[in-house]
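Trainee: This is the structure I want to talk about, given as structure tokens.
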């Protein structure tokens, strides 16, 4: 039985599908969620573990279960291989994100500037997003200030389940961006998902400080902190 469960767990990990492994203590009986019919309380505990990325012990009557999430890595997609991105990428990688930098400008998106901690995609953002498929474990940040690059990325991201959407630029810049996205068919609720100006308000000035504020806001949103909510 355990071999079958672990085979399914390996398959889920290979296909980057989130699953929770539930182990009954002390006899070691095991189940996977989703994929098996479970008591409602156990299924809810599994969903909670996957959403929080945290393992927990759960009591069900006289039984105790250890619920362990197996999620694919969180992803950060950065549009624009700019100076802020150079500071943000290693911070995000250290925080456990699988980082992708999207920029069709080959002179910017280079291994010399980003090392080996990011995957570099030298494609136009609309093509890149179609291939990368942002999901509920993905944060997307646009940093170029160029509507030709930022807008297609935001357009695609707002049609996805990405848990965080951020865009660099002043309030005036964002107002113009809102008008363009509205023309593309996005309503107020969708556009309201965008964190702009991007990052927590820590009076950041330098590229590393702005990068720090962005990553802090991403983590705050991911963890459900009040700091990650916009008025």
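Trainee: Does the stretch 56-67 include one or more residues that are buried (at least 18 other Cβ atoms within 10 Å of the Cβ) and not in a strand (DSSP E or B)?
Mentor: So far as the stretch 56-67 goes, no, none of its residues is buried (at least 18 other Cβ atoms within 10 Å of the Cβ) and not in a strand (DSSP E or B).
Trainee: What tally of residues in the stretch 169-193 results from selecting those that are closer than 21 Å to residue 205 by Cα and surrounded by 13 or more Cβ atoms within 10 Å (Cβ to Cβ)? Before the answer, list the steps.
Mentor: Going residue by residue through the stretch 169-193, those that are closer than 21 Å to residue 205 by Cα are 169-174.
Narrowing further to those that are surrounded by 13 or more Cβ atoms within 10 Å (Cβ to Cβ): 169, 173-174.
Result for the stretch 169-193: 3.
Residue by residue, here is whether (1) buried (at least 18 other Cβ atoms within 10 Å of the Cβ); (2) touching a helix residue (DSSP H, G or I) at 6+ places or on another chain (Cβ under 9 Å); (3) at pLDDT 95 or above; (4) closer than 30 Å to residue 150 by Cβ holds:
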residue: 53; (1), (2), (3), (4): no, yes, no, yes
residue: 73; (1), (2), (3), (4): no, no, no, yes
residue: 77; (1), (2), (3), (4): yes, yes, yes, yes
residue: 85; (1), (2), (3), (4): yes, yes, yes, yes
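Trainee: A follow-up question, please. Out of contact with any helix residue (DSSP H, G or I) (no Cβ under 7 Å at 6 or more places or on another chain), at pLDDT 95 or above and under 23 Å from residue 128 (Cα atoms), is that true of residue 188? Steps first, please.
Mentor: Details: out of contact with any helix residue (DSSP H, G or I) (no Cβ under 7 Å at 6 or more places or on another chain): yes; at pLDDT 95 or above: yes; under 23 Å from residue 128 (Cα atoms): no.
It is false that residue 188 is out of contact with any helix residue (DSSP H, G or I) (no Cβ under 7 Å at 6 or more places or on another chain), at pLDDT 95 or above and under 23 Å from residue 128 (Cα atoms).
Trainee: Of the residues 32, 25, 38, 21, which is assigned by TED's automatic domain parsing to the domain that holds residue 64, more than 24 Å from the chain's Cα centre (by Cα) and either at pLDDT 95 or above or surrounded by 19 or more Cβ atoms within 10 Å (Cβ to Cβ) (or both)?
Mentor: Numbers: 32 fails: more than 24 Å from the chain's Cα centre (by Cα); 25 fails: either at pLDDT 95 or above or surrounded by 19 or more Cβ atoms within 10 Å (Cβ to Cβ) (or both); 21 fails: more than 24 Å from the chain's Cα centre (by Cα).
On inspection, the qualifying residue turns out to be 38.
Trainee: Search the stretch 92-109 for residues being assigned to a helix (DSSP H, G or I) and touching a strand residue (DSSP E or B) at 6+ places or on another chain (Cβ under 6 Å), and hand back the single one that is farthest from residue 157 (Cα to Cα). If you could, list the steps in order and put the result at the bottom.
Mentor: So in the stretch 92-109, the residues assigned to a helix (DSSP H, G or I) come out as 92-94.
Restricting the remaining residues to those that are touching a strand residue (DSSP E or B) at 6+ places or on another chain (Cβ under 6 Å) gives 92-93.
Numbers: 92: 19, 93: 21 Å.
Only one residue tops the list, namely 93.
Trainee: Identify, by number, the condition in (1) more than 28 Å from residue 138 (Cβ to Cβ); (2) touching a helix residue (DSSP H, G or I) at 6+ places or on another chain (Cβ under 6 Å) that residue 20 doesn't meet.
Mentor: Result: residue 20 fails condition (1) only.
The values are calculated or read from the model by the stated rules, or taken from the named source; none is laboratory data. Here the structure is a predicted model, which means the values were calculated and not measured. Here Cβ is always computed from backbone atoms with ideal geometry, including for glycine, and neighbour counts include all displayed protein chains.
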